[in-house]
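The values are calculated or read from the model by the stated rules, or taken from the named source; none is laboratory data. Just so we're clear, the structure is a prediction, and the values are computed from it rather than from any experiment. Glycine also receives a Cβ, built like all others from the backbone with ideal geometry; neighbour counts cover every protein chain displayed.
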Amino acid sequence: MVKRLSLAYSAELEGVDAKLISIETDISVGLSVFNIIGLADKSLNEAKERINPALKNCGFTPPISNNLRITVNLAPADIKKTGTQYDLAMAVGYLISSGQIKPTINLKDFLLLGELSLDGGLRPVRGVLNIVSYAKEIGFRRIVIPEGNLGEASLIKGIEIIGVANLNQVGEFLNGAKIENRIPETKEREKRSDFDFYDIRGHESAKRSLMVAAAGGHNVIMIGPPGSGKTALAKCFLSITPDLIEEEIIETSKNWSAAGELNERRPFITERPFRSPHHTASAAAVIGGGSVPKPGEISLAHNGVLFLDELPEFRRDILESLRTPMENGAVTVARQNKTLVFPARFQLISAMNPCPCGYFGDNEKQCECLSKDIMRYQRKISGPLMDRIDIQITVPRLKLSALQDADRGKTSEEMRRLVVQAREFARKRFKERGMMISSNSEMNSKQCDAHSLISSEANDFLRGVFDRSFISGRGYYRILKVARTVADMEFSEEIKVDHLAEAFQYRLKNEFD
């Protein structure tokens, strides 16, 4: 018996957000036709070529074997549908409409996701974590997904997740069979970093600067000649950052899931990301977007670190595009018919040479660049962008005595303990005052004014230095945030002269040159 119309539910991923899509399947007698309507892209239109053999190889009668006119409508019809996650829902819709499956459970209770292989197996799809979270929000009780996506989906609690291996298992489930969720055991946290500050000799002032940056979530730029250790310092930075909390793990993993970067071996992100795109990367790769908009490197670095080595070598438009995300923690990608917002709250760690040859200002090797070339090179980094970088330090060439010094300073674990203590001190203050932020760098100007208690001596110092400099309003508040972090590292509620002086010296490159 042919049931002419059936309804199933799936979801479309737009950026990192999901939207509910209804899969309406209508069958009528006539010439054998399989039409998919509702702004379906090429990969979706190819679904019928996957569904036919998948049904046949699982023992069902495929559409091509019957003289049936099949119309699948993906609603709402004005939303462009992309991807292969609709395969399962369309196959189930056909099986119900053709009477081959008579479900004993209500299809309105759950979503169906999965790409079909030709043998009827289900392949993982991207964005499952985002869709599961969305399904829970809008009231769905269950969601059927490929087994390969069970790991990431398990992060979301409060919704029943059914992992299936093939189309036959789906049919059994719809007929009332109990499917045991074989959710992988939660893996141990990934190793934070293979690099340790203890392995870097000298550069104690740079290490101190990076420790302040980690404690307050501040952006950093390191300027120095080639081989001075800028990249090595940056690679060690992740080893002193605090662990991700559960909310941050879910936020970060959603971006990676939407980008298709998760798999069975890495079902979710347990440590802060460290992304280091090459300077030849395109704007879409760094910022996000593309023909099918996906998160870029700055979104994959959400709640983590974005390291830009050789900063002036990046295209000017890419660097200027960083300004808004650095302020707002998100990037907006506009298209002709829609606007997408990708979370991008990253910590920028950057490095650059002072000139094209790299030796301007070096005490050992003479610079060979012309003055105009040096100015042109340095101006690739605009003033507004530099103004958003809280900590600007020089990393000089090390002398032989420093390289051979037996005293290597603190280990990364020792530095990390100090960072975590400072973060906890700040977090307690945020919680007591009802501030929904996790680091000093996230404070806005109003919060900065309200929660930066400055001693009278420090205020006099601040006024004296401010009147002799060209500090912008943004620069003033960024100095206050860094000073607040330095005070937190000493567990001081009051910002003192020493705290402000250290914060000011990190702005010398931008404010006093």
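Figures for the structure shown
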quantity: Residue list for region 369-412, restricted to those being in contact (Cβ under 8 Å) with a residue 12 or more places away in the chain and assigned to a helix (DSSP H, G or I); calculated: Asp373, Ile374, Tyr377, Gln378, Gly383, Pro384, Leu385, Met386, Asp387, Ala402, Leu403, Ser412
quantity: Matching option when the condition is among the hydroxyl-bearing types (Ser, Thr, Tyr) and surrounded by fewer than 17 Cβ atoms within 10 Å (Cβ to Cβ), among Ser10, Ser32; calculated: Ser32
quantity: Tally of residues being surrounded by fewer than 21 Cβ atoms within 10 Å (Cβ to Cβ), basic (Lys, Arg) and under 25 Å from Arg427 (Cα atoms) across region 456-493; calculated: 1
quantity: Conditions (1) over 21 Å from Ile393 (Cα atoms); (2) assigned to a loop (DSSP other than H, G, I, E, B); (3) not basic (Lys, Arg): number failed by Trp256; calculated: (2)
quantity: Yes/no for Met443 being in contact with a Lys or Arg (Cβ under 7 Å, 6 or more places away or on another chain), closer than 22 Å to Gly304 by Cα and modelled with pLDDT of 90 or more; calculated: yes
quantity: Checklist (1) within 23 Å of Ile51 (Cβ to Cβ); (2) surrounded by fewer than 16 Cβ atoms within 10 Å (Cβ to Cβ); (3) not hydroxyl-bearing (Ser, Thr, Tyr) applied to Asn181, failing item; calculated: (1)
quantity: Selection status of Ala89, surrounded by 21 or more Cβ atoms within 10 Å (Cβ to Cβ), in the same structural domain as Arg126 (by TED's automatic domain parsing) and either touching a residue at least 24 places away in the same chain (Cβ under 8 Å) or within 34 Å of the chain's Cα centre (by Cα) (or both); calculated: yes
quantity: Single unsatisfied condition, Leu116 versus (1) touching a residue at least 12 places away in the same chain (Cβ under 8 Å); (2) surrounded by fewer than 21 Cβ atoms within 10 Å (Cβ to Cβ); calculated: (2)
quantity: Residues satisfying the stated conditions in region 282-340, i.e. touching a residue at least 24 places away in the same chain (Cβ under 8 Å), assigned to a strand (DSSP E or B) and over 17 Å from Ile381 (Cα atoms); calculated: Gly288, Gly289, Lys294, Pro295, Val305, Val331, Val333, Leu340
quantity: Every residue from region 200-231 that is assigned to a helix (DSSP H, G or I) and either touching an Asp or Glu at 6+ places or on another chain (Cβ under 8 Å) or not assigned by TED's automatic domain parsing to the domain that holds Arg323 (or both); calculated: Val212, Ala213, Ala215, Gly216, Lys230, Thr231
quantity: Residue match in region 52-60 (condition: surrounded by fewer than 21 Cβ atoms within 10 Å (Cβ to Cβ) and without any contact (Cβ under 8 Å) to a residue 40 or more places away in the chain); calculated: yes
quantity: Within region 347-376, considering residues that are at pLDDT below 95 and of a type in the set (Ser, Thr, Tyr), the one surrounded by the fewest Cβ atoms within 10 Å (Cβ to Cβ); calculated: Ser371
quantity: Condition met for Tyr506 (modelled with pLDDT under 90, among the aromatic types (Phe, Trp, Tyr), touching a helix residue (DSSP H, G or I) at 6+ places or on another chain (Cβ under 8 Å) and within 24 Å of Ile349 (Cα to Cα)); calculated: no
quantity: Test: Glu264 is in the same structural domain as Ser205 (by TED's automatic domain parsing), part of a helix (DSSP H, G or I) and touching a residue at least 40 places away in the same chain (Cβ under 8 Å); calculated: no
quantity: Residues satisfying the stated conditions in region 1-50, i.e. within 15 Å of Gly93 (Cα to Cα), touching a Lys or Arg at 6+ places or on another chain (Cβ under 8 Å) and of a type in the set (Gly, Ala, Ser); calculated: Ala11, Ser28
quantity: Subset of region 151-172 (residues that are part of a helix (DSSP H, G or I), touching a residue at least 60 places away in the same chain (Cβ under 8 Å) and in contact with a strand residue (DSSP E or B) (Cβ under 9 Å, 6 or more places away or on another chain)); calculated: Leu167, Val170
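Matching residues to (1) under 30 Å from the mean Cα position of the chain (by Cα); (2) of a type outside the set (A, V, I, L, M):
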| position | (1), (2) |
| --- | --- |
| Arg4 | no, yes |
| Ala18 | yes, no |
| Glu24 | no, yes |
| Asn35 | no, yes |
| Ile51 | no, no |
| Ser65 | no, yes |
| Leu68 | no, no |
| Asn73 | no, yes |
| Pro76 | yes, yes |
